[in-house]
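The values are calculated or read from the model by the stated rules, or taken from the named source; none is laboratory data. Computed from a prediction, not measured in an experiment: that's the story for all the values here. Using ideal geometry, Cβ is built from the backbone for each residue, glycine included, and neighbour counts are taken over all protein chains shown. SASA here: full protein model, heavy atoms, side chains in, ligands and nucleic acids out. Shrake-Rupley method; radii C 1.70, N 1.55, O 1.52, S 1.80 Å.
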Amino acid sequence: MSPATAYPHLLAPLDLGFTTLPNRVLMGSMHTGLEDGRKHFPAMAAYFAERARGGVGLMVTGGFAPNIAGWTKPLAGTLATSAAARRHRVVTDAVHAEGGRIALQILHTGRYGYHPFCVAPSRIKSPISPFAPYELSARGIERQIRAFLRCATLAREAGYDGVEVMGSEGYFINQFLVTHTNHRTDAWGGAYENRMRLPVEIVSRMREAVGRDFIIIYRLSMLDLIPDGSSWDEVVQLAKAVTQAGATILNTGIGWHEARVPTIATSVPRGAFTWVTKKMRTALRAQGITIPLVTSNRINTPEVGEQVLADGCADMVSLARPLLADPEFVLKARQGRAQDINTCIACNQACLDHAFKNELATCLVNPRAVRETELVIRSSAQRKRFAVVGAGPAGLSAATTLAERGHEVHLFDGSERIGGQFNLAKRIPGKEEFHETLRYFGRRIELTGVRLHLNTRVGSDALIAGKYDGVLLATGVVPRDPKIPGQEAANVLSYIDVLLHGKPVGERVVVIGAGGIGFDIAEFLVTPPGHSPTMNLHEWLAEWGVADPETVRGGVVRPQPAPPARKVTLLQRKPGKLGKNLGKTTGWIHRAALQMKQVEMIGGVNYERITPGGLLVTYGEQRRDGQLIECDTVVLCAGQVPLRELQAPLVAAGVAVHLIGGADEAAELDAKRAIDQGTRLAASL
Ligand code: FAD
Ligand code: NAP
Ligand code: SF4
């Protein structure tokens, strides 16, 4: 089979009448933070140009506000003047020079705006912003519509190929559509015809303003996932109306930001919501409406994209984070090199979490993302010899980057496989995507010519005798010893015993330590062996209470979690809520998942002693209220400390030693830091 036919649907051109897209991949809008400062435009140009070079059919920028009222936060990126439009030229020119196409997303946040000037159909504060919005007058609404039109006209002036009107995710337009947020009694509220007037007017007047040969994507909330959300009939009615008003493409939006259903996290099954777009496509086709539909969420491999299109779910697929992870996604698919794709693992750790912390986004598996002008991997003028000890994320990224630059690299690991702790992480239900990173690095080792020495626990003598130009210690971490009396007993296991060695665990378990690993172990233990709801869409939808929107408004019902496989108690010494330091955008999912499995979470405990019957704890500084938490097994997840026993002898022998990843610093270590540090060091040697 020739490479071009491996993904015939994904790589087929799409004729929009006035222009033809080269393939069916749309790079979905992502807020990277580059939108929010004039100084970032050259970096934004490089970021999009790299992805245009990688062959994406059509890209959409992060959201730009059409006016101050629509800001995401104070001084957020805004396109409201010709001077601002001129600044975008560097972006559109760079994309077009690479043969790409780009649309600007117009994002009005309404009551989600994190600033005091936010506006909405009604004065109803959102649960995710401290600011109550001003209720708009009819004149105020007209001003917002004009701002949308001005923004689209300026986008055209700036050289964009189109715009995306953000009508989903619970933002401004969405807030007009549902009675949950629209309590108006005038011509913009009440009956659905009134509530949907705003998007229809915006699109029809925008089409008039920008002309026929300009792409207007309308992002339609097909599944609100909130109580009192839109009914299915309403969503279909709106789809028809915005199509007739002049939209070129309909994109899929799933879930409002305030929804309590995960929509893009790694535990969400791949392609979990494509059935919603398919339902819409079927409804529209039945009425003779053939507007191209884009489906979205957790499509991260060419295989999934191809399958979704072959199944008739949509006409295009939206990949957002997967193109942060690998700008050459489409190119590699076209060249039959899907195995070389650096797959997005949907962790959110460096993209969405950064955006929500007001930091520039990047990518855990690709630290060059959004750093294209700063982190440049150049061939080395001189070929040197390096030893990298440890093939975890830090060592893998360093070794492959060094070899890519032309150095001779020997990568050692005491284990029989590469990956370090990722081999534990990949066993957690909902973290199956971690396999992909290991597959990717395995390929990178082959392609870059790294000499891999597995089952080789290397010592300092061998490293000194090797006469390397430098040794990178990526030896990771070892579990911290919590020194709890009784911990030597047979009923006490470490997370490594459980995840790597598969030691038997009893029916009632106490987990000591509620960091990332404690939460993951709890998730592992409440799930039946070898099972994962992430691998079973039907079960996953039931667990989170996602229903057919045709049967219930907004598509949410009461979650129906399967019973837990064990009784788990999760403990920490700090008082207060457990899991506070988990990911900004995913921590709530981990907490909710464990709550659904009746995991008891207790903070502020002292570990007094482990006995054959369980764990004896007391509470608070006074060590009061002694209590035996009965259990069959205690699992220790009490943090980690660096493993750097090789450092001193190597330094003493005059070897140039570099510490990376957990070997350098165990506190707050994660794979994001390990990969970033490994890559940056290797780029500089
Ligand atoms: P490690 O991954 O620990 O690798 C060190 C390697 O060095 C090992 O393979 C070891 O065999 C080898 N080694 C040590 N000494 C020698 C020697 N003398 N000779 C040869 N080889 C040697 N991070 C995230 O960012 N997101 C997550 O969702 C996430 N989930 C996790 C879930 C679990 C259950 C666990 C355990 C960890 C998770 N992590 C997660 C943490 C992440 O895996 C670590 O931060 C990361 O692996 C650290 O990378 P590293 O390369 O520094 O060390
Ligand atoms: P961690 O997040 O630092 O958590 C360690 C836990 O152990 C804490 O709950 C801590 O709480 C407890 N602890 C610390 N010292 C202790 C002691 N002496 N005795 C008993 N308990 C003690 O570390 P981790 O869970 O081992 O995870 C390691 C790294 O992997 C983390 O930095 C994390 O970022 C990363 N990781 C990330 C994810 C993810 O989803 N992003 C998942 C897994 C791991 P108290 O001190 O309050 O008891
Ligand atoms: Fe995907 Fe994680 Fe990278 Fe975000 S940080 S793009 S979720 S791999």
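Side notes on the structure shown:
- Selection from the range 532-568 of residues that are over 15 Å from Val235 (Cβ atoms), touching a residue at least 60 places away in the same chain (Cβ under 8 Å) and open to solvent by 30 Å² or more (accessible area, probe 1.4 Å): Met535, Asn536, Leu537, Arg566, Lys567
- Boolean, Thr20 is among the hydroxyl-bearing types (Ser, Thr, Tyr) and modelled with pLDDT of 95 or more: yes
- Taken as a whole, the condition of being open to solvent by less than 50 Å² (accessible area, probe 1.4 Å), in contact (Cβ under 8 Å) with a residue 24 or more places away in the chain, in a loop (DSSP other than H, G, I, E, B) and closer than 18 Å to Thr109 by Cα does not apply to Ile217.
- For the range 395-500, the helices (runs of 4 or more DSSP H) that sit wholly inside it and include 3 or more residues that are away from ligand 2 (no atom under 16 Å from the Cβ) are 434-448, 460-465.
- Comparison of Ile254, Ile264, Ile291 shows that the only residue that is open to solvent by 10 Å² or more (accessible area, probe 1.4 Å), closer than 23 Å to Gly583 by Cα and hydrophobic (A, V, I, L, M, F, W, C) is Ile264.
- Taken over the range 344-364, the criterion of being near ligand 3 (Cβ under 8 Å from one of its atoms) and either open to solvent by 10 Å² or more (accessible area, probe 1.4 Å) or among the hydroxyl-bearing types (Ser, Thr, Tyr) (or both) is satisfied by Cys344, Cys347, Gln349, Cys351, Leu352, Thr362, Cys363.
- Comparison of Val617, Val635, Val651, Val655 shows that the only residue that is among the hydrophobic types (A, V, I, L, M, F, W, C), assigned to a helix (DSSP H, G or I) and modelled with pLDDT of 95 or more is Val651.
- With respect to (1) open to solvent by less than 50 Å² (accessible area, probe 1.4 Å); (2) assigned to a helix (DSSP H, G or I); (3) within 16 Å of ligand 2 (Cβ to nearest atom); (4) of a type outside the set (A, V, I, L, M), the lone exception for Thr679 is condition (3).
- Leu473 vs. criteria touching a helix residue (DSSP H, G or I) at 6+ places or on another chain (Cβ under 6 Å), under 18 Å from Leu643 (Cβ atoms), in contact (Cβ under 8 Å) with a residue 40 or more places away in the chain and not charged (D, E, K, R): yes
Here is a yes/no grid of residues against (1) more than 29 Å from Gly211 (Cβ to Cβ); (2) surrounded by fewer than 24 Cβ atoms within 10 Å (Cβ to Cβ); (3) charged (D, E, K, R):
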site: Ala83; (1), (2), (3): no, yes, no
site: Ile102; (1), (2), (3): no, no, no
site: Ile124; (1), (2), (3): yes, yes, no
site: Thr153; (1), (2), (3): no, yes, no
site: Asp161; (1), (2), (3): no, yes, yes
site: Val165; (1), (2), (3): no, no, no
site: Phe172; (1), (2), (3): no, no, no
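- Checking each residue of the range 105-117 against the condition of being farther than 19 Å from Val242 by Cβ, touching a residue at least 60 places away in the same chain (Cβ under 8 Å), open to solvent by 60 Å² or more (accessible area, probe 1.4 Å) and in a helix (DSSP H, G or I) gives no match.
- Residues considered: His40, His88. Of these, the only one that is open to solvent by less than 10 Å² (accessible area, probe 1.4 Å) and either assigned to a helix (DSSP H, G or I) or of a type in the set (Lys, Arg) (or both) is His88.
- With respect to the conditions (1) of a type in the set (Ser, Thr, Tyr); (2) in contact with a strand residue (DSSP E or B) (Cβ under 7 Å, 6 or more places away or on another chain); (3) in contact (Cβ under 8 Å) with a residue 40 or more places away in the chain, Thr679 falls short on a single one, namely (2).
- Any hit, the range 503-516, residues being assigned to a helix (DSSP H, G or I) and away from ligand 3 (no atom under 16 Å from the Cβ): no
- Exclusive hit being open to solvent by less than 20 Å² (accessible area, probe 1.4 Å), away from ligand 3 (no atom under 16 Å from the Cβ) and more than 30 Å from Thr569 (Cβ to Cβ), set Leu650, Leu659: Leu650
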